[in-house]
Amino acid sequence: MLTGQCAQGNTLAEDNTLKRAIGGRTADRTEFYRQALCVNPMFRELTEAALDHFARKARLITFEPGERVVARGDELRYTAVVLSGGIRSFVTSIDGYELSVSILQRGSFHGVMGVPEPTECQWDCIAFGRTEVVAIYCSDFRSALAQYPDVSLMLAKMLNYRLKKSYSMISNVTLQNLETRVRRTLLMLTGDPQYRGAKPADIAITQEALGHFVQCTRPTINKVLKDLERSGVVEVGYGHIRILDIDSLQADIEGEVVYVL
């Protein structure tokens, strides 16, 4: 289940999040959650009635860096739209080796597999930095499916997107060369283009953690990053990677979709 600190009512935490996420406007509680949910593009396609249903059921939850969001094997009781920070999903092999699966960042939707029916989480999920999410019980999501046809369509689109993302991840790890895997992973970690803006994107990730995404050792990932740094594509710092030229980063994968949500 989701842990973290849940804000009830129209609190200062909600107002501050609204100012950061929605551009400084103020609103009552329902309007806050309407706008916060619409950080995810698929919620923006809902009818007013369906969006109001979710806004009335939503709660703001804050996680500290590294705090567990949901453990592998736990039932997915909540869905969540990420407002800030991120949710990192990973699995640990029997010999203790960690494989990162994804980092869901601003605008992403967590927990979609728990909506159609009660489902165990397949990954361990922790907060990637200080993280704020708008959470909705899966049971409340299922009740909306029975009332609003557009919610069923949204769910189908979400599941379709997640399936394509899974195939893309498998292809990335098994079929692509290492440099392409690194480029695709860095591009994914920059998040949705509509939220990263024109500034260089800073990714708070260690080289070891990046290696967990692309299945290689730290010395190997360091060599690839140094090559990209010499080309002016990235700047490697302690615990972070700055993307200087995002167009060059995606030059080798032009025409392909990089799934970030």
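The values are calculated or read from the model by the stated rules, or taken from the named source; none is laboratory data. If you're wondering where the values come from, they're calculated on a predicted model, not measured in any experiment. For neighbour counting, all protein chains shown are included, and Cβ atoms are generated from backbone atoms with ideal geometry for every residue, glycine included.
Quick check on Arg196: is it modelled with pLDDT under 85, within 19 Å of the chain's Cα centre (by Cα) and within 16 Å of Phe43 (Cα to Cα)? So Arg196 does not fit the description; no.
Of note, Gly96 does not satisfy the criterion of being at positive phi and touching a Gly at 6+ places or on another chain (Cβ under 8 Å). The strands (runs of 3 or more DSSP E) found wholly in the stretch 198-248 and carrying at least 1 residues that are of a type in the set (D, E, K, R) and under 16 Å from Arg183 (Cβ atoms) occupy 234-237, 240-243.
Within this structure, Val115 fails the test of being at pLDDT 90 or above, under 16 Å from the mean Cα position of the chain (by Cα) and in the same structural domain as Ser166 (by TED's automatic domain parsing).
In the condition set (1) in contact with a Leu (Cβ under 9 Å, 6 or more places away or on another chain); (2) without any contact (Cβ under 8 Å) to a residue 12 or more places away in the chain, Phe90 is compliant with all but (2). For Ile243, the requirement of being under 19 Å from Val173 (Cβ atoms), at pLDDT 80 or above, of a type outside the set (Ser, Thr, Tyr) and surrounded by 14 or more Cβ atoms within 10 Å (Cβ to Cβ) is not met. Scanning the stretch 144-194 for residues that are touching a residue at least 12 places away in the same chain (Cβ under 8 Å), over 27 Å from His240 (Cα atoms) and among the small types (Gly, Ala, Ser) gives a single hit, Ala144. Tyr78 falls short on exactly one of the conditions (1) modelled with pLDDT of 95 or more; (2) buried (at least 21 other Cβ atoms within 10 Å of the Cβ), and that condition is (1). Would it be correct to say that Asp95 is of a type outside the set (Gly, Ala, Ser), out of contact with any strand residue (DSSP E or B) (no Cβ under 9 Å at 6 or more places or on another chain), touching a residue at least 12 places away in the same chain (Cβ under 8 Å) and over 26 Å from Ser152 (Cβ atoms)? So Asp95 does not fit the description; no. Just one of the listed residues (Ala71, Ala21, Ala50) is modelled with pLDDT under 75 and surrounded by 13 or more Cβ atoms within 10 Å (Cβ to Cβ), and it is Ala21.
Looking only at the stretch 116-157, residues that are closer than 21 Å to Arg72 by Cβ and assigned to a helix (DSSP H, G or I) come to 1 in all.
Screening Leu163, Leu187 for residues that are aliphatic (A, V, I, L, M), surrounded by fewer than 19 Cβ atoms within 10 Å (Cβ to Cβ), within 17 Å of the chain's Cα centre (by Cα) and modelled with pLDDT under 85 leaves exactly one candidate, Leu163.
Which of the residues that make up the stretch 54-88 are in a helix (DSSP H, G or I) and over 13 Å from Cys138 (Cα atoms)?
Here is the first cut: in the stretch 54-88, the residues in a helix (DSSP H, G or I) are 54-57.
Matches in the stretch 54-88: Ala55, Arg56.
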